[in-house]
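The values are calculated or read from the model by the stated rules, or taken from the named source; none is laboratory data. None of the values given here were measured: they were computed from a predicted structure. For neighbour counting, all protein chains shown are included, and Cβ atoms are generated from backbone atoms with ideal geometry for every residue, glycine included. Heavy atoms of the whole protein, side chains included, go into the accessibility calculation; ligands, DNA and RNA do not. Shrake-Rupley method; radii C 1.70, N 1.55, O 1.52, S 1.80 Å.
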Amino acid sequence: MDYQAWLNQQKQKNRLRTLVAVKRLSGGELSLAGDPKATFLDFSSNDYLALSNHPEVVSESHRFLELAGSGAGAARLMSGDLAMFHELEDEMARLKNRPSALLFGSGYMANCGIIPALAGRGDVIFSDRLNHASIYDGCRLSRARLVRFRHNDLDHLEGLLRKERGGGQALIVVESLYSMDGDRCPLKPLVELKEKYGCRLMVDEAHATGVFGAGGGGLIEEDGVVDRVDIAMGTFGKALGSYGAYAAGSREMTQFLVNRARSFIYSTGLPPAVIGASLAAVRLVRQQPQLRRELFEKVELFKSILRQGGLDNLGPSQIIPVLVGESDKALELAQSLRNHGIFATAVRPPTVPEGTARLRFSITRHLSKAALEHCAAVLLDALKG
Ligand SMILES: Cc1ncc(COP(=O)(O)O)c(C=O)c1O
């Protein structure tokens, strides 16, 4: 394939992806590397609790770097199994209220490692249609049969379970909070279904951990289904402000993954500075529920202004999609917001289904009241024009 011809084609279809180098500033702002004087309010980041530059997170990261150097030096099953990994796994197991947790290099690596460990040829995976790309890639790597059900439609899932369950292992995979739609999976009826049909259930809590649940344990905690979910996974790269990922569940399950998940076995352990940051972040999340309250006060303020302006269907979370339909419209809207100092990403196919291009606003704790009011006013104005 000719690279340039392909890139030109993508551009014509308004699908070309380009990198924009930025510098993150305090107060939820960023500047563009090419034009440092222009600053923007960042409505694209997943640093929901603003922990990535929290003083305790930064200082623990420094301390761990000084203590242990810049890298783990090897995969954990070689000589790279630093004691600090176990400390973070214990903290994570406590946060998720599960007996055990296992670290992965990233959320992407976790999904690509866990799913093929749990399902293989002859098995079947039932996956919500709007699941993240990393889940799809994990499903493909597994070589299990993939059966997709309509987004959050448990009647559809049950019909498929009746027809396609078969006699092998069956795994149901969902996200608890959908990354591009900001809506929640109906976890309570889902656990009933998975028990009725003898399936395993894996829940991706990438966007829910730290944000939902009285103790920050995510939507599985908030919905009271912790013990009925076989594997909860999530990332440290969003509300926890760091990097890396985890799977939480029974001790047997994490031991199984140590032996079976290839992205765990064949990859270097995370760097100490990252572990220090994650440890501090997990402790803050457990000890300071006010971080979540502050975030949701901001979410409510933003939504209430949009509702007064006539926008509805804003969803139940800190992720707020504003659907516009075609990619060119989403790009235009993103540009007009950019002209008013607001950075919100236009999300287009293939990341989301055809005809559902959107602007995705994510609210973070460091955005001020004035910033939220400004963004809501500019958005309402742009949608009128
Ligand atoms: C639902 C979901 N799962 C997994 C991932 C991947 O996580 P990470 O960024 O740590 O690779 C993401 C992030 O983009 C996500 O939104």
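Below, the figures for the structure above:
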| item | result |
| --- | --- |
| Helix-derived mean residue ellipticity, 222 nm - over the chain, DSSP H n ≥ 4, -39500 (n - 2.57), to 500 | -13000 deg cm²/dmol |
| His366 long-range amide H proximity, modeled H, under 5 Å | Ala50 |
| 5 Å binning of all Cα-Cα separations within the range 338-385, expressed as whole percents from 0 upward | 5, 17, 26, 23, 16, 11, 3 |
| Dipole magnitude of the range 291-385, debye to nearest 20 (Cβ charges: Lys/Arg +1, Asp/Glu -1, about Cα centre) | 300 |
| Per residue, in Å², the accessible surface of the chain once ligands and nucleic acids are set aside, probe 1.4 Å | 45 |
| Fraction of accessible area attributable to carbon and sulfur, the chain (%, probe 1.4 Å) | 50 |
| Antiparallel DSSP beta bridges within the range 110-256, percent to nearest 5 | 25 |
| Extension gain (nm, one decimal) between Ala21 and Glu326, 0.36 nm per residue minus Cα-Cα | 107.2 nm |
| Distance between modelled label sites at Leu77 and Glu164, nm, 7 Å Cα→Cβ extension | 3.1 |
| Approximate spin-label separation Thr39-Asn8, in nm, with each point projected 7 Å along Cα-to-Cβ | 4.2 |
| Theoretical FRET efficiency, 1/(1+(r/R0)^6), r = Cβ-Cβ of Ala370 and Glu192, R0 41 Å, to 0.05 | 0.35 |
| Share, in percent, of DSSP beta bridges within the chain that are antiparallel, nearest 5 | 60 |
| Inter-centroid distance (Cα atoms) of the range 16-82 relative to the range 214-244, Å | 21 |
| Semi-axis lengths, Å, the range 55-287, gyration tensor of Cα atoms, sqrt of 5 times eigenvalues | 30, 19, 14 |
| Cα-based reach from Lys37 at 22 Å (exclusive), listing lysines while leaving out same-chain residues under 8 positions away | Lys23 |
